[in-house]
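**Student:** For reference, the structure I am asking about is given below.
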């Protein structure tokens, strides 16, 4: 199994990652975006945000509120796990969604509108 952008303590099982600090959530975001074959520019455009903002999110820059929430959840005995819906990337459909976005972006680039 190739793990990029993660450290081993985060991996629960294939494509399931434990989030204990904001950096973990950013790494998960980057992992699943990359696994879908989507660039930061494409994802940011699809979400209506700027690419620099998405880059900051992928570095775990969510602000202090997320840090406090994660600490509180650990304090009360809970954990946060990130995984594709349905247990696999194929089941979640995110690859299809981003493929459609890429296709639309390419069409707009070719047609000029």
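What follows draws every value from the coordinates through simple rules; no lab data is involved. Keep in mind that this is a model prediction, so the values were computed, not measured. Cβ: placed from backbone, ideal geometry, glycine included. Neighbour counts: every protein chain shown.
**Student:** Can you put 76, 38, 81 in order of Cβ neighbours within 10 angstrom, beginning with the fewest?
**Tutor:** Final ranking by Cβ density, sparse to dense: 76, 81, 38.
**Student:** Counting other beta carbons within 10 Å of each Cβ, put 53, 17 in order, fewest first.
**Tutor:** Ascending number of Cβ neighbours within 10 Å: 53, 17.
**Student:** Still on this model: Could you grab the Rg to Rh ratio for segment 50-89? Cα atoms only, Kirkwood for Rh.
**Tutor:** Rg/Rh: 1.09.
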